[in-house]
1. Please compute the volume of the convex hull spanned by the alpha-carbon atoms of the chain and report it per residue in Å³.
2. Would you tally the net charge around K286, using a Cβ to Cβ cut-off of less than 14 Å, leaving K286 out, and scoring K and R as +1, D and E as -1?
3. Distance between Cα centroids, the stretch 10-73 to the stretch 252-306: provide it in whole Å.
4. Tell me, what is the per residue accessible area of the stretch 89-266 in Å², probe radius 1.4 Å?
5. Out of all DSSP beta bridges with both ends in the stretch 89-266, state the antiparallel percent to the nearest 5.
6. Which Cα, out of A254, Y105, A173, lies furthest along the positive dipole direction of the stretch 89-266 (beta carbon charges, K/R +1, D/E -1)?
7. Over the stretch 89-266, with every protein chain in place, what whole percent of the accessible area is carbon and sulfur at 1.4 Å, could you tell me?
8. Once the cut-off is 26 Å, how many percent of the Cα-Cα pairs in the stretch 89-266 end up in the long-distance tail?
Amino acid sequence: MRVVYCAPGSRPDPWLAGLRAALPGADVYDWSPGAAPADHAVVWAPPQAFADEQSSLRAVWNLGAGVDALLRLRWRDGLPLVRLEDAGMASQMVEYVLHALLRHYRGFDAYERDGREGRWLQRRPPRRSEWPVGVLGLGVLGAAVARAVAGLGFPVHGWSRTPRTLDGVKTHAGDAALGDFLAATRVLVVLLPLTDATRNLLDRGRLAQLQRGGVVINLARGALVVESDLIALLDEDHLAGATLDVFRDEPLPADHPLRRHARIAITPHIAAQTLREDSLAQIAGKILAFERGEPVTGIIDRARGY
Ligand code: NDP
Ligand code: OXD
């Protein structure tokens, strides 16, 4: 079995070594134009030339949960494209959201500013009942986050395309339910895939439906949010803050307005990083199952876009 690796910008050696260890006997190599045709590809954001050249692939294994970059390429009809499912990302996402949520809810930014500026000021303690959290996307990552936040005693709402049931979470499904979901939400956690249906979903009209004093935590993809609308609603004091891990332009340019806004905290797309050992173990296990003719989970529905 031949396995080609293609993740431009990454250092291939540890990934190739990991794949060789996880798939003993496989011929594993890094892709460059003209490389031998492989049976399986392990990729992150490969170029179109890769998809064009590798015409014998039986499946493509994405080194991430999001497949928007993969779906921008033209692939052979019917070729299975498979994404990572959790692989150590759900617990990272939970940590990130709990940190961001508690920081906004407890007003730690204001206390840190007071500390630096010489003030000693005790504000009224917040009530969790006044800080309902809405999780957009109740998939592998969103469901883990919704459960963790509900476990802390916050009211939690969740939105998905099809109906979902989660203990401790009031769930909403489909476009018709989005308005009620937003109106019930003060802290919005975005964990939707970027698809034709979700691009620019959070524009001025929708963000304005969040409760006054709302907070946006976007961990999914930058293009889900209209950034200029988010900034306008922060400047108008409808929204109180935002924590953003993902952006339309990545790396975020050094002079970008999102970096300079006093109420926006940013991180460089690290909310849940791909863990080499966990992801290669998952992918190798699925490749072996696939080769035995067994069903594998995580195959993308190309028409749906995730
Ligand atoms: P899943 O595919 O498991 O879950 C997607 C969820 O979004 C599902 O609940 C799905 O609904 C819902 N959804 C999709 N389209 C719509 C729609 N049009 N309307 C309403 N709901 C919709 O994805 P994951 O949880 O694994 O990952 C989510 C995203 O997180 C990834 O696509 C990626 O962009 C991002 N990500 C970011 C990382 C970071 O470090 N910042 C790291 C990893 C992922 P349904 O349940 O009905 O199918
Ligand atoms: C992913 C990501 O989709 O890292 O896995 O954003």
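The values are calculated or read from the model by the stated rules, or taken from the named source; none is laboratory data. Quick caveat: nothing in here was measured; it's all calculated off a predicted structure. Cβ placement follows ideal geometry from the backbone for every residue including glycine, while neighbour counts extend to all protein chains displayed. Side chains included, ligands, DNA and RNA excluded: accessible areas come from the protein's heavy atoms. Shrake-Rupley method; radii C 1.70, N 1.55, O 1.52, S 1.80 Å.
1. Convex hull volume per residue, Cα atoms: 148 Å³.
2. Cβ neighbours under 14 Å give a net charge of -3.
3. 15 Å
4. About 48 Å² of surface per residue is accessible.
5. 5 percent
6. Result: Y105, furthest along the dipole toward the positive end.
7. Within the stretch 89-266, the accessible surface is 50 percent carbon and sulfur.
8. Summing the P(r) of the stretch 89-266 above 26 Å gives 26 percent of all pairs.
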